[in-house]
C-alpha cells in the first residue's frame, strides 16, 4: 500500500481505518457532530413528527459539471424529505470506497458533501465506511439516510389529488441527466450544461404555504415522465402534460442529437407539484420569487378522461408517453 | 436481459425497477410498513429520546454458515443501537445490486432480512435500490440505518469508565470471522463453525439493569482486541485481558492452522461490556440466564498501570496486543 490511495487495510477496523475516518470524514464533517466513539448517537427532534428517507448514490463520473457524488448524496436525500413536507435535520452516511481510489479525490468529495450539508443545515450524525476490492467499487458508492421533522402545511398524499388539479415544475428538466451524459465523454461531445443538483427545501416550504397543495416529488431517476406515471398509478386519473415544460436549449439539442427524451432524464434540484387549479397561479408567482424557482411553469393537469400520460404537442397534437423500460442512462445518481 | 437475473433496467426508475421492488422488497418486508409511494415516511418514536446509527455490509460470500448478508444487515445495525442503550424501532435499507445477480438469490436474501427484522421487532420503513454494472458490485452491498429510542438505565460513555472496572463478553469470540473464512473455500478447509450473528438486544437490556454498567460495544470488525484498543484511547487507562476469553475449540484450531488470532476476528452477536467490579458477578449471572449469554465470562479489567492492551497468558506471562494494521480478512461484514 502507498499513502496516496485507499487500501483494503483502510476498511479493517484497525489503525488505518481510524486514521482515514479522522483525517477525512471527521475533519470535514466536524467532530462535534460526528461521534466516532459511539455505536449510535442521540438525535434531537424537538417533539415534532419525525420523517425518514434513504437513498443510494452510484453516479459515474464521481465529479461532473455542477456537482459531484458528495454534494449529490446530500441533495438527493434532503430533497426527498423536503418534497414529503419535512424539514431535514440529520443525515447518516455510508461510504463504500474502492481500493485504489485516490485519497485526494475522496477528500474533495467529502469536503463537498460537508459543504452541502452545511448549506442544507443538516448534521451528519453517524457514518460507516467499507472498502471494496479493486475493480468492485466504481470508485465510490454512497448511501445517505435523512431524518427530518414535518413542517406545518397540508398533508401531502397522492390520494388527495383531484380531477383538474394542475402540475407545476420549478425549473427546466433533464439538466442533470444531460450533464452526466456529457461528462462521460463516451459520446465525444463537450458542453457547458450544468447539473441542476441543488437543495429544494426553500421551494418546498414556499409551496407548503398553499392549502391546495396535494403532492410534491423531485423527478430524479426516470425524470418527469416517470413521476407522471406514478401519479397515474397512484390516483387512477390521467396526466396531460403541455408544451410549456421548460427544457434548456442546449439540453434539447444534445437530446435530439443522441435520441434521448429530456422528459425521461433525471433532475436533482426540481420539484414537481400537484396543486388545486385555483391556487396554481399564485403558487407559480411565489416560486418565481425564489432564485431557484425563476423558471417555474404550469406543465399540465390531472384529468379523469384517460388513465394515461399524454403529452400535448405545440401544434395541438397528442402523444402517449410510455412507462420507461430500458435504461436510458445507467448510474446517473 | 432475461427474467432470472438483475439487469441495468432494474435500476432506472421505470417499470422493471418498480416490479422488482414490489415483487421482492415489498412482498417480504410488508406493504404496510414500506410506503413505496412516498419520498419520506413518518416514524413514531413515542416522545422518547431518539438515537441513530448506520452500517454498510459487503460480506463475501453473500450466504455463509449461520447467516447471510440480509440477516447480517439487520443484526449489525440493531446491535449497534442495543449496545448504545437504545431499543431499535426502525430501519432504512439501501441495496446496491450487481447486474447479473440471480433474482432467486436476491429473493432469498431479502426474505432472510425480513425475517431478522421481524425477530428484532424493527420495521423497515424506507428503502432504495441501485443497480451496479456487471463486475462492479460483488453481487450485493447493503447499507442499513437504524433509529431507536433510549432505554432506561445508566448513561453509557467511555468517560464513565474507572480504574478496576471489569470487562465481560457474552460468548465466544471469532466465530463469525472464522465461519466466513471457511465459507470462502480459498483455504481448502471445510468446517461446521457457524457465524455467531444474532441480535443482542436481550443481552444489552439485561446489562442495562445494572447501574454500574459503564459502556457496551459489539466487537465486529477488528474483533475484541480492537475494542480493547478503543477503550485505551478513549479512557487513557490500560486494558488487561485474561486467559478466560471464550474461544471455541474449532475456531482456535483453524486460527492456529492459518496464523490468525481470534481476538482480532469479528463477532456479530456478542457484547463486550465494562462494568463496576462490584456488580460484575451479578451481571454475568444475569447474562448466563439468557440462551444467548450462556458462555458469558469476565475477560479482563481496566487498569491505570499501563496505557496498553495486555493479554495475561495461562502460564502467568504477559504480551502486548498491538493495534490492528494490515487487514487480516477483508469483506467480513
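The number of residues in region A:233-249 being more than 16 Å from residue A:304 (Cβ to Cβ) and surrounded by fewer than 16 Cβ atoms within 10 Å (Cβ to Cβ) comes to 3. Within the set B:268, B:323, B:230, B:306, the sole residue that is surrounded by fewer than 15 Cβ atoms within 10 Å (Cβ to Cβ) and under 27 Å from residue B:160 (Cα atoms) turns out to be B:306. Selection over region A:48-75 of residues that are closer than 25 Å to residue A:150 by Cβ and facing another protein chain (nearest Cβ under 7 Å) gives a count of 8.
Of the listed requirements (1) assigned to a strand (DSSP E or B); (2) touching a helix residue (DSSP H, G or I) at 6+ places or on another chain (Cβ under 8 Å), residue A:61 misses just one: (1).
For (1) touching a residue at least 24 places away in the same chain (Cβ under 8 Å); (2) under 21 Å from residue A:126 (Cα atoms), each residue gets a yes or a no:
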| residue | (1), (2) |
| --- | --- |
| A:7 | yes, no |
| A:16 | no, yes |
| A:37 | no, yes |
| A:46 | yes, yes |
| A:49 | yes, yes |
| A:60 | yes, no |
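When the criteria are applied in full, residue A:313 fails the requirement of being out of contact with any strand residue (DSSP E or B) (no Cβ under 6 Å at 6 or more places or on another chain), buried (at least 19 other Cβ atoms within 10 Å of the Cβ) and either modelled with pLDDT under 95 or within 11 Å of chain B (Cβ to nearest Cβ) (or both). The single condition among (1) closer than 26 Å to residue A:101 by Cβ; (2) touching a helix residue (DSSP H, G or I) at 6+ places or on another chain (Cβ under 8 Å); (3) buried (at least 24 other Cβ atoms within 10 Å of the Cβ); (4) within 11 Å of chain B (Cβ to nearest Cβ) that residue A:7 does not satisfy is (3).
Of the residues making up region B:201-256, those that are part of a helix (DSSP H, G or I) and more than 24 Å from residue A:9 (Cα to Cα) are B:201, B:202, B:203, B:204, B:205, B:206, B:207, B:235, B:249, B:250, B:253.
Would you confirm, using the coordinates I've provided, whether residue B:78 is more than 8 Å from chain A (Cβ to nearest Cβ) and either in contact with a helix residue (DSSP H, G or I) (Cβ under 6 Å, 6 or more places away or on another chain) or buried (at least 24 other Cβ atoms within 10 Å of the Cβ) (or both)? It is true that residue B:78 is more than 8 Å from chain A (Cβ to nearest Cβ) and either in contact with a helix residue (DSSP H, G or I) (Cβ under 6 Å, 6 or more places away or on another chain) or buried (at least 24 other Cβ atoms within 10 Å of the Cβ) (or both).
When region A:131-147 is limited to residues that are in contact with a helix residue (DSSP H, G or I) (Cβ under 9 Å, 6 or more places away or on another chain) and at pLDDT below 95, the one that is surrounded by the fewest Cβ atoms within 10 Å (Cβ to Cβ) turns out to be A:134. Being within 14 Å of another protein chain (Cβ to nearest Cβ), touching a residue at least 24 places away in the same chain (Cβ under 8 Å), closer than 23 Å to residue B:65 by Cα and in a helix (DSSP H, G or I) is a property that holds for residue B:263.
Is at least one residue of region B:15-32 within 7 Å of another protein chain (Cβ to nearest Cβ) and in contact with a helix residue (DSSP H, G or I) (Cβ under 8 Å, 6 or more places away or on another chain)? Yes, region B:15-32 has at least one match. For region B:298-327, a residue qualifies if it is farther than 28 Å from residue B:282 by Cβ and part of a strand (DSSP E or B), and the qualifying residues are B:318, B:319, B:320. Just one of the numbered conditions (1) facing chain B (nearest Cβ under 8 Å); (2) in a loop (DSSP other than H, G, I, E, B); (3) buried (at least 24 other Cβ atoms within 10 Å of the Cβ) is not true of residue A:45: (3).
Here residue B:180 passes the criteria (1) surrounded by 24 or more Cβ atoms within 10 Å (Cβ to Cβ); (2) at pLDDT 95 or above except the one numbered (2). All of A:111, A:117, A:95, A:121 fail the test of being in contact (Cβ under 8 Å) with a residue 12 or more places away in the chain, touching a helix residue (DSSP H, G or I) at 6+ places or on another chain (Cβ under 9 Å), outside any strand (DSSP E or B) and buried (at least 20 other Cβ atoms within 10 Å of the Cβ), apart from A:117.
Within the set A:203, A:167, the sole residue that is within 19 Å of residue A:293 (Cα to Cα), in contact with a strand residue (DSSP E or B) (Cβ under 6 Å, 6 or more places away or on another chain) and buried (at least 24 other Cβ atoms within 10 Å of the Cβ) turns out to be A:167.
The values are calculated or read from the model by the stated rules, or taken from the named source; none is laboratory data. Quick caveat, the model's predicted, so the values are computed rather than measured. Positions of Cβ are generated from backbone atoms using ideal geometry, with glycine treated the same way; all protein chains shown enter the neighbour counts.
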